[in-house]
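The values are calculated or read from the model by the stated rules, or taken from the named source; none is laboratory data. Keep in mind the model is a prediction, meaning the values are calculated, not measured. Counting neighbours? That spans all protein chains shown, and the Cβs are built from the backbone with ideal geometry, glycine included.
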Amino acid sequence: MARLNKGMESSQRPGCQSFREKVVLSVLSGKPTTLALPLHGYEEVFLRLVQQMSQTRVERGVDWVAVQPGSILGTQGRFDCGEERGIGYFLEYLPCLCLFAADRTELVLTGLTNTAGDVSVDAVRTVHSRIVKLLVPDAAADLKINRRGFGPNGGGEVAVKYTPVTRIEGRSFGKDERVSRVKGIACTARVAPQMARRMILGVRAVLSGFLPDIFIHVDAFKGDEAGRSPGYSVCLVSECGASGSHFIDAVGAEGCCPEDVGREAAESLLKEIHHSGVFGRKVLRLVFMLLALSGGAVCRVKIQKATRNEKELFALLEEFLGVVYSVDSDNVAVCVGCGLRNYSLRVD
């Protein structure tokens with residue numbers, strides 16, 4: 001069972017800002033936390049997911065919900081994410097729990113694979129899983145897209161596999177490197193595959209003036225594998241050296257021109273690179289959490305500057321794990337991880 005100091009006092013915070021981070025850190029640290037009602041429907045779904053893979057209990061009052069953390073067991077089975085948020089919303093911080101579970105996690109999640117405002121499952125597979133493998137080379141972090149699911153009716157299906165580890169070794173990502181190439185996935189479901197190629201034309205119109213190495217794969221889904229609603233989207237990922245990466249998702253809305261979707265995605269990727277350090281802002285919080293859980297070395301991450309959201313995460317990491325992040329004059333975030341160990345890991 002992954003545990004820190006059992007004598008810590010309960011944390012009570014009004015509202016639901018950083019909801020997922022609070023719940024995940026509560027379970028990892030063994031420190032109860034109380035959240036103010038009302039919760040959104042998708043937050044209730046996230047709590048059910050955490051309960052499915054752990055012995056965590058949720059207690060309810062008139063205007064509060066208390067999370068009483070329990071052992072992280074891992075899980076095998078299916079889970080319905082609903083159609084309020086994308087599957088990526090539920091997958092972003094799942095590795096933090098799965099790595100410290102007693103057993104492997106093999107889970108099939110259903111719902112929206114691509115939706116505006118949430119991380120796509122393509123980004124989770126390409127970027128988030130890569131970061132997990134960078135920090136934990138021995139861990140399996142695999143994601144397979146069985147069915148696409150665009151809004152509003154979803155119908156997507158994603159299979160994930162994670163294997164637990166004893167601990168995470170700390171490391172640094174302190175060097176800001178140039179972008180070496182851009183890769184991506186242009187996907188369609190229940191629309192003409194040419195929509196994907198038109199998005200790629202829009203991407204190349206913007207990026208070809210910056211670098212020649214652009215590779216975008218076309219992923220066209222048909223029939224039952226295309227889900228219940230038509231749609232198209234593109235996920236772009238920039239690679240910087242051996243570890244750094246930035247990504248952007250764009251989903252075509254009704255009446256949008258595919259070329260415009262591609263151009264806007266490419267322009268957004270350039271802005272993301274400009275305003276980020278080694279990692280893009282959309283994945284940086286996962287990096288901070290994994291490094292805070294690590295041990296054995298001082299961890300450094302080159303960033304552009306600490307935003308209000310990141311400072312809020314730093315406060316949560318200090319509160320739940322006792323890990324203090326500091327940002328030096330060169331905009332390098334530095335911490336010494338808590339060295340969390342997985343004492344519940346089952347050995348075959």
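Within this structure, ALA266 passes the test of being in a helix (DSSP H, G or I) and either over 29 Å from VAL324 (Cα atoms) or polar (S, T, N, Q) (or both).
Of note, GLU267 does not satisfy the criterion of being in contact with a Ser or Thr (Cβ under 9 Å, 6 or more places away or on another chain), more than 23 Å from ILE131 (Cα to Cα) and modelled with pLDDT of 95 or more. Can you name every residue in the range 276-298 that is touching a residue at least 60 places away in the same chain (Cβ under 8 Å) and of a type in the set (S, T, N, Q)? Residue satisfying the conditions is SER294 alone. Residues in the range 243-257 include at least one that is farther than 26 Å from LEU109 by Cβ, of a type outside the set (Phe, Trp, Tyr), within 22 Å of the chain's Cα centre (by Cα) and not in a loop (DSSP other than H, G, I, E, B).
Within the range 171-182, residues that are over 14 Å from SER276 (Cβ atoms) sit with their Cβ atoms under 7 Å from residues that are polar (S, T, N, Q) and surrounded by 15 or more Cβ atoms within 10 Å (Cβ to Cβ), at 6+ positions apart or across chains, in these pairs: VAL182/SER238. Taking the listed residues VAL234, VAL261, VAL251, VAL191, the one that is over 25 Å from VAL132 (Cα atoms) and in contact with a helix residue (DSSP H, G or I) (Cβ under 6 Å, 6 or more places away or on another chain) is VAL261, with no other qualifying.
Quick grid of which residues meet (1) among the polar types (S, T, N, Q); (2) within 13 Å of LEU236 (Cα to Cα); (3) at pLDDT 95 or above:
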site	(1), (2), (3)
GLU106	no, no, yes
SER129	yes, no, no
VAL136	no, no, no
ALA141	no, no, no
LYS144	no, no, yes
MET195	no, no, yes
HIS217	no, yes, yes
GLY223	no, no, no
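Entry remark, the range 152-179: residues being surrounded by fewer than 18 Cβ atoms within 10 Å (Cβ to Cβ) and either of a type outside the set (D, E, K, R) or in a strand (DSSP E or B) (or both) number 8 in total.
Considering (1) closer than 30 Å to ARG341 by Cα; (2) in contact with a helix residue (DSSP H, G or I) (Cβ under 7 Å, 6 or more places away or on another chain), the lone condition that THR163 does not fulfil carries the number (2). Screening VAL298, VAL234, VAL218 for residues that are surrounded by 21 or more Cβ atoms within 10 Å (Cβ to Cβ) and among the β-branched types (Val, Ile, Thr) leaves exactly one candidate, VAL234.
Given the structure, is VAL182 surrounded by 16 or more Cβ atoms within 10 Å (Cβ to Cβ), over 30 Å from ALA333 (Cα atoms) and among the β-branched types (Val, Ile, Thr)? Taking the combined requirement at face value, the residue does not satisfy it.
The residue that is farthest from the chain's Cα centre (by Cα), among those in the range 204-229 that are of a type outside the set (Gly, Ala, Ser) and under 18 Å from ILE87 (Cβ atoms), is ASP224. Those helices (runs of 4 or more DSSP H) of the range 38-118 in which 2 or more residues are more than 15 Å from the chain's Cα centre (by Cα) occupy 41-52. When we screen LEU201, LEU211, LEU135, LEU207 for residues that are surrounded by fewer than 22 Cβ atoms within 10 Å (Cβ to Cβ) and in contact (Cβ under 8 Å) with a residue 60 or more places away in the chain, the only hit is LEU201.
Considering every residue within the range 5-28, establish whether at least one is at pLDDT 50 or above, under 20 Å from ILE72 (Cα atoms) and in a loop (DSSP other than H, G, I, E, B). No, every residue in the range 5-28 fails to be at pLDDT 50 or above, under 20 Å from ILE72 (Cα atoms) and in a loop (DSSP other than H, G, I, E, B). Please verify whether ALA292 is under 26 Å from PRO137 (Cβ atoms), at pLDDT 95 or above, surrounded by 22 or more Cβ atoms within 10 Å (Cβ to Cβ) and touching a Cys at 6+ places or on another chain (Cβ under 8 Å), treating the condition exactly as stated. Criteria met by ALA292. Evaluated against (1) over 17 Å from LEU25 (Cα atoms); (2) out of contact with any His (no Cβ under 7 Å at 6 or more places or on another chain); (3) part of a loop (DSSP other than H, G, I, E, B), VAL334 falls short on exactly one condition, (3).
Are any of the residues in the range 122-141 part of a loop (DSSP other than H, G, I, E, B) and either closer than 18 Å to VAL283 by Cβ or of a type in the set (Val, Ile, Thr) (or both)? Yes, some residue in the range 122-141 is part of a loop (DSSP other than H, G, I, E, B) and either closer than 18 Å to VAL283 by Cβ or of a type in the set (Val, Ile, Thr) (or both).
Screening the range 32-84 for residues that are charged (D, E, K, R) and touching a Leu at 6+ places or on another chain (Cβ under 7 Å) and picking the one that is modelled with the highest pLDDT gives GLU83.
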